[in-house]
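Some notes on the structure that comes next.
Laboratory data are not the source of any read-out in this text; all were calculated from the coordinates shown. All of these numbers come straight from a predicted model, not from anything done at the bench. Here Cβ is always computed from backbone atoms with ideal geometry, including for glycine, and neighbour counts include all displayed protein chains.
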Amino acid sequence: MGRGHAILSASGIQFNHLVEWKQPKPDPLDPARLTPTASLNRARIVDLPGLALDPDVRGRTGSELLSAQALAAAIRPHAAALALTAEEQSDDMLLLPAFDRSLASRDPAVRAVARDLARRFGRSLGYLLLTLRRGDLVNRQARGEWDDTYWSHWAGIRAIWLGGGLVRGRLGRHIRRHATDLLAASGASDLALRISMSPTLLPIIGAARTVPPSMHRAALVLDFGGSAVKRVLARYDDAGALAALHPFPSLPAPRLAGDITSDPTPEQARSLAAEMACVIACSWREASTAHPDHPLNPSIPISLAAYVRNGHPLPRQIGTYAAPRALPENAASVLSQRVSALVDRLLDVSLIHDGSAAARARAGTPHAAVILLGTALGVGFIPPTAASLRPLATGFTVAL
C-alpha cells in the first residue's frame, strides 16, 4: 500500500494530511473466462532462487523470449552461419521457416548453430514454466496484477499442450525436448509437455466443437490470428461428433490503420469490422461452393487473437483484434449483421478467445493448459469436462 502527503492551506496555515493510496485489488482467476490479466506475454522471469539462470533469460518477459519476433531477432545475428539468404533475413515470415529447415541441414556446422539456438528457445520455455509453477516471491512481486488464485492454479497444472505456428515443425520438437529436460533437472518432472495434433489448427478444432447441434453436417470455422486468417470447413458425423476439417488457403491477417498501441477509435473499429465481415462472407461463399453437398450451419465460430467476453473484446489489451471494443454495439452482433447482409442469409457469428478455443480442443483433461507459440504467446486452461462441447470422432482427420 502506497502513502502520500497532501499539503492543505487554511488561513495561511499549512497542514500535513496523510492520504492512503490503495492498489486496486486484482480480479481472481476464472479459468473458463480469461481476461487480459491472464496473459503470459507480460510474465517476467526475475529470478528462480536456487537455479543458475541462463544469462539471456533473467529479467525477460514471455514475449521477449518466445514470441515470433523475439525468436527472429535471436536468429538474425546468426544468419551467415545458418546460410540464410538476404531475402530470408528480411522477412520474419520467411526467416522462421528457413531456420526450421536449417535444423536438418546437411551441413553439420549449420545444423550445430541451429540446434544450439533451438536449445536456447526450449530452455526459455522451461524457465517460464518453472516461474509459473514455483510462484517464487520475487516473481510474484513483479506481477502485481496476479493474486494467489493465478499462482495456485499454475502450481496445480500437470500437463501442457503446445500449439501455434512455432511448434509445427522441427523447432517444436526441439523446444519441447529442451524444455522437458530443464524441467526434469529442476525438480518439475511431473509437468508433462506435449505437442498437439495439428498445432496450428488447435484453436479451430476447439472452436468447431462449440457449434450448436443441428441438422447441418458442416460448419465454417475461422481463426483470426496475428499473421494470418485460417479457414476450414468442419464436418460432423451422424452422431454430431467432429469428424474432419477441410482447410482452405489462409488469408493475410487484417491490418489496423493507425496506432495499435493506444485506445482504438470508432473509425478504426468500424473499418476492421468491415474487413473481417468481408473475409467471413467470402469464406462462406467459398465453402458453400466447394462443398455443395454439405449445407453449412448458420452458426460461425471465430477464434480471435484477443480476450473477449460475451462476443466483445475486453479492455486493457492492445493489438489489432482488440479494436472492435470501440464499437458502440456488441462486436459479434455487428459482424453477424454485416455478414448476413453480404451473403443475404441470417447468420450468427460468435467470437472466442483463441487460447480458450485451443483449450476446448483438449476438453476433458483436468489440471491442464494450452500454450500457443506464435506471433505472441497465447494461453488457455483446458476444461475438465467436455459435456457442453461436440465430441471428437474416433477417426477425426484433417484433410490435406
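Taking a ≥ b ≥ c as the square roots of the eigenvalues of the Cα gyration tensor of the range 161-271, is the shape rounded (a/c under 1.5), prolate (a/b larger than b/c) or oblate?
Cα axes put the range 161-271 in the oblate bin.
Given H placed on each backbone N at 1.01 Å, which residues far from Val46 in sequence or on other chains put an amide H within less than 5 Å of it?
Under 5 Å from the amide H of Val46 lie the amide H atoms of Gly59, each far enough along the sequence or on another chain.
Given an 8 Å cut-off on Cα distances and at least 6 residues of separation, report the relative contact order of the chain as a percent. Don't skip to the answer; put the middle values down first.
Details: 768 pairs, mean separation 71.7, N = 400.
That works out to 18 percent.
With N set to the residue count of the chain, report its C-alpha Rg divided by 2.2 N^0.38 Å to two decimal places.
This ratio for the chain stands at 1.08.
When a/c is below 1.5 the answer is rounded, else prolate if a/b is larger than b/c, else oblate, so apply that to the range 201-398 with a ≥ b ≥ c taken from the square roots of the Cα gyration tensor eigenvalues.
Taking the square roots of the gyration eigenvalues as a ≥ b ≥ c, the range 201-398 is oblate.
Given charges of +1 on the Cβ of Lys and Arg and -1 on the Cβ of Asp and Glu, with all other atoms neutral, how large is the dipole of the chain about its Cα centre, in debye to the nearest 20?
The calculated dipole for the chain is roughly 780 debye.
Of Ala244, Leu222, Ile318, which is farthest towards the positive pole of the chain's charge dipole, taken about the Cα centre with +1 and -1 on the beta-carbons of Lys, Arg and Asp, Glu respectively?
Among Ala244, Leu222, Ile318, the one farthest towards the positive end of the dipole of the chain is Ala244.
What whole number of Å gives the distance from the Cα centroid of the range 256-308 to the Cα centroid of the range 313-375?
9 Å
How much net charge surrounds Ser388 when only the other residues with a Cβ under 10 Å from the Cβ of Ser388 are counted, with Lys and Arg +1 and Asp and Glu -1?
Cβ neighbours under 10 Å give a net charge of +3.
Going by the alpha-carbon gyration tensor, a ≥ b ≥ c the square roots of its eigenvalues, is the range 273-386 rounded (a/c under 1.5) or, if a/c is not under 1.5, prolate (a/b greater than b/c) versus oblate?
Cα axes put the range 273-386 in the oblate bin.
Report, in debye and to the nearest 20, how large the dipole of the range 131-264 comes out about its Cα centre when Lys and Arg carry +1 and Asp and Glu carry -1 on their Cβ.
The dipole of the range 131-264 has a size of about 600 debye.
Name the trypsin sites (Lys or Arg not before Pro) in the range 261-316 that are in a loop by DSSP and that have at most 14 other C-beta atoms within 10 Å, would you?
Here the sparse-neighbourhood loop sites are Arg316.
Taking the Cα centre as origin and putting +1 on Lys and Arg beta-carbons and -1 on Asp and Glu beta-carbons, what dipole magnitude results for the range 292-400, to the nearest 20 debye? Please report the intermediate quantities before stating the final value.
On the way: 8 positive and 5 negative charges, 59 e Å.
Here the range 292-400 has a charge dipole of around 280 debye.
Please check: in the Gaussian network model of the chain (C-alpha springs, under 10 Å), which one of Ala114, Ala52, Ala306 has the largest mean-square fluctuation.
Most flexible of the set in this elastic network: Ala52.
When the helices in the chain are scored as -39500 (n - 2.57) per DSSP H run of 4 or longer and the sum is shared across all residues, what 222 nm value do you end up with, to the nearest 500 deg cm²/dmol?
Rounded to the nearest 500, the figure is -10500 deg cm²/dmol.
For a quick protection proxy, order the peptides 348-358, 39-49 by their average other-Cβ count within 10 Å, most packed first. Don't skip to the end; give the middle numbers.
Values: 348-358: 25.8, 39-49: 18.4.
Descending mean neighbour count gives 348-358, 39-49.
How large is ³J(HN,Hα), in whole Hz, for each residue of the range 279-291 in order, when computed from phi with the Karplus curve 6.51 cos²θ - 1.76 cosθ + 1.60 and θ = phi - 60°, using x for Gly and Pro?
4, 5, 5, 4, 5, 4, 5, 4, 5, 5, 6, 6, 10
When the Cα centres of the range 83-153 and the range 164-230 are compared, how far apart do they sit, in Å?
16 Å
How far apart, in nanometres, would the label points at Asp54 and Thr85 be if each is projected 7 angstrom from Cα along the Cα-to-Cβ direction?
Using points 7 Å along Cα→Cβ, the separation is 2.9 nm.
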